[in-house]
Amino acid sequence: MDRISSAREFQSVCDSLRIQGKTIGLVPTMGALHDGHKQLMTLAKQQCDVAAVSIFVNALQFDNPVDLEKYPRTIEADLEFAKDLGVDVVFTPKSQEMHPEPILFHLEVDRLSQALEGAFRPGHFAGVVTVVAKLFILAGRCRAYFGEKDFQQLAIISRMVEEMHFPVEIVPVPIVRDERGLALSSRNMRLTPDQLVSALALSRSLFSGRDAVAAGEKNPEKVEELMSEELSREISGIAKSDLARLDYALVVDPSTLTRPERIEGPVRLLIAARVGAVRLIDNIGA
Ligand code: PAF
């Protein structure tokens, strides 16, 4: 496995791989790799000649400095993890190289970014698309693998590729859950054992919403109420410091990310809650 830290070198390695006729599967990450990432890397390996993983904690997408500081950084373990999965190239740029100071250019996102996560994390998606666009420019024509756990991020990046004509095929990858239903996330590393139990309230709330839709509920607001009630029920009896506090529980149209008047076709149920100081998100199709 090759580790590359220079942006220009990563770009020229990707260019020469393509000249040799090889296809590239890019997995953008911020490190702290877990089995959710494993799924992305395994698919990249299966579907492309070369699997390239970027590991870069992108300061531009953190609206909260404490969150940035506390974000788990586990580079040595991440390199081992990628190597064991047969990843070919790992790109680990320095911040100054990805975002040379002073930063004069960045992308903005209209509409899709203002609700949901965007409302709670101002500037977050502008930071995400800015770094992802740079990664796409460096990697060039490729397939890029993104998890459905960050459903709004996936929708925004897919739209960016379409609108900006990046020569990139986005491959959405389903959420990986542990045996109790908790969606895998690098942020779970910051939860105490009690908080990990409390975090199960998110997926249980989603499952109850999904079951209601499967049973024929057509009113999205009823499903949202049910999800909030389920979250409150799950957390009753949990110590205050471990409590899951709901930011939102919503039913949206998967392409517009807005609430439909009635549930007539496929919808996505989205939930965000804070467990202790850690903000978690999860979602499910229904
Ligand atoms: O999903 C993530 O880990 C990040 O938002 C991404 C796409 C790597 C951009 O920094």
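Derivation of every value follows stated rules applied to the coordinates shown; laboratory data play no part. Just so you know, these numbers come straight off a predicted model, no measurement behind them. Quick reminder, even Gly has a Cβ in these numbers, built from the backbone with ideal geometry, and neighbours come from all protein chains shown.
Filter the GluC sites (Glu not before Pro) in the range 147-187 down to the DSSP loop ones having no more than 10 other Cβ atoms within 10 Å, then list what survives.
Passing both the DSSP loop test and the Cβ count: 179.
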At 222 nm, what helix-only mean residue ellipticity would the chain give, in deg cm²/dmol to the nearest 500, using -39500 (n - 2.57) for each DSSP H run of four or more?
-> -12500 deg cm²/dmol
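Go through 45/70; 45/83; 45/94 and tell me which ones have a Cα-Cα distance over 23 Å in this structure.
Cα-Cα > 23 Å for 45/70; 45/94; rest within.
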Please compute the net charge surrounding residue 282, taking Lys and Arg as +1 and Asp and Glu as -1 over other residues with Cβ under 15 Å from its Cβ.
-> +2
Candidates 23, 130, 256: whichever shows maximal mean-square fluctuation once the chain is modelled as a Gaussian network with Cα springs under 10 Å = 256
Treating the beta-carbon of each Lys and Arg as +1 and of each Asp and Glu as -1, no other charges, what is the dipole magnitude of the chain about its Cα centre, to the nearest 20 debye?
-> 200 debye
Listed residues 147, 17, 103: farthest to the positive end of the dipole of the chain (Cβ charges) = 17
Which whole-number percentage describes the relative contact order of the chain, with Cα contacts under 8 Å and a sequence gap of 6 or more?
-> 17 percent
Compute the long axis of helix 193-214 from its Cα atoms, compare it with the longest principal axis of the Cα atoms of the chain, and write down the angle in degrees, 0 to 90, nearest 10.
-> 70 degrees
Compute the length gained on full extension between residue 47 and residue 83: take 0.36 nm times their separation in residues and subtract their Cα-Cα distance, giving the result in nm to one decimal.
-> 11.2 nm
Choice from 272, 199, 119 with maximal GNM fluctuation in the chain (Cα, 10 Å cutoff) = 119
